[in-house]
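Every number here is computed from the coordinates shown, using simple stated rules; none is lab data. Being a predicted model, the structure only gives us computed values, none of them experimental. Note: ideal-geometry Cβ built from the backbone for every residue, glycine included; neighbour counts use all protein chains shown.
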Amino acid sequence: MTKQIDEIRNTGRAMKEILNLRGSPVGVRLLKTDTPIPGAVPADGHRYCQALMRARHGEHVVVTAETIACPAAARAFGFKPLPEPLRTGKGLVGFGITSDDAVGMKMFEGMTVLEMGAIQQIDLFPLDKTTEVPDIIVVEDETEKLMWIALSSMHVHGGERIRGSTAVLQATCVDSTIIPYVEKRLNYGLGCYGCRDATDMASGEAILGFPAADLPAITEHLKHLANKALPHSRGKHAYAALTKKNVEEESSCSEL
């Protein structure tokens, strides 16, 4: 187990270094028991997205039905029933997200959620400091950086196209944690009203999650990309050539 933990920590460091991530990739464990987790602090009064933010910045936190603040995430993880205003869609009308109750209701009906009581707590920690094997890896950062993770995941799965599923709601809990956990695949989201309001997610950032079982192979391909494709793309060589060509053409025209 110690060797496996060391390898997970190393992959977390490698991913952060290769992509120059602003924070750490986050390991997430969805636990069916309420056994206290050594070293974890309760995320009292925090939304799941806020607990995830804390883990991304180096903290080890745990979320339970008693401590989670977001009612939508509480239902998604099977902690509590969905409140009536959200279930009927009226809540989304009140937030100004939609102007039609039926649309809001449909958005929640389509969510991938865990059965009530399926888990008892959620353990979140920076990957490079883990002491346990996670179920899911969640990464939040600029979209270009996430692109390389998605490309690496495609390589791991033989070039199969990635399917993205989102309601532009519950981007951290449903899109990047529950869907990867239930469907055992990478999923990505553009962020959502809630997490952008409640966390430090920047306007150009997005989020994705994938099964931890894919972590070693994804990181290995990231190393491959770092040898050529990644630096070449970031160097914008084709764009530089286009710019040079345009300048030369403008110069030629001005001489006529």
- [ ] Determine the gain in length on full extension of the stretch VAL93-ALA229; use 0.36 nm per residue of separation and subtract their C-alpha separation, reporting nm with one decimal.
- [x] 44.5 nm
- [ ] Name the residue, out of THR199, THR130, THR243, whose mean-square fluctuation peaks in a Gaussian network model built on the chain with Cα pairs under 10 Å.
- [x] THR243
TODO: Evaluate the distance, in nm, between pseudo-label points positioned 7 Å from the Cα of LYS184 and of TYR239 along their respective Cα→Cβ axes.
DONE: 4.0 nm
Open item on the list: Using the basic label-point model (7 angstrom from Cα toward the beta carbon), what is the VAL133 to HIS157 distance in nanometres?
Closed with: 2.1 nm
Task: Per-pair calculated FRET efficiency, R0 = 45 Å: LYS80 and ARG13 via Cβ, rounded to 0.05 - done: 0.80
Open item on the list: Using the alpha carbons of the chain, what is the convex hull volume per residue in cubic angstrom, as a whole number?
Closed with: 158 Å³
Task: Cα centroid separation, the range 178-192 to the range 1-31 (Å) - done: 18 Å
Task: DSSP H segments from the chain that extend 15 Å or more along their own axis, Cα-based, with Kyte-Doolittle mean of -0.5 or above - done: 143-156, 215-227
Task: Calculated log₁₀ intensity ratio I(q)/I(0) where the Debye formula runs over C-alpha points of the range 6-155, q = 0.14, 0.18, 0.20 Å⁻¹ - done: -0.78, -1.09, -1.18
- [ ] First measure r as the distance between the Cβ atoms of ILE5 and GLN120, then evaluate 1/(1 + (r/R0)^6) with R0 = 22 Å and state the FRET efficiency to the nearest 0.05.
- [x] 0.45
Task: Cβ-placed point charges (K, R +1; D, E -1), dipole of the range 2-255 about Cα centre in debye, nearest 20 - done: 320 debye
TODO: Averaging sequence separations of C-alpha pairs under 8 Å and six or more residues apart, then dividing by the length of the chain, give the relative contact order as a whole percent.
DONE: 22 percent
- [ ] Take the chain, connect every pair of alpha-carbon atoms lying under 10 Å apart with a spring to form a Gaussian network, then pick out the residue of LEU186, LEU146, LEU92 with the largest mean-square fluctuation.
- [x] LEU92
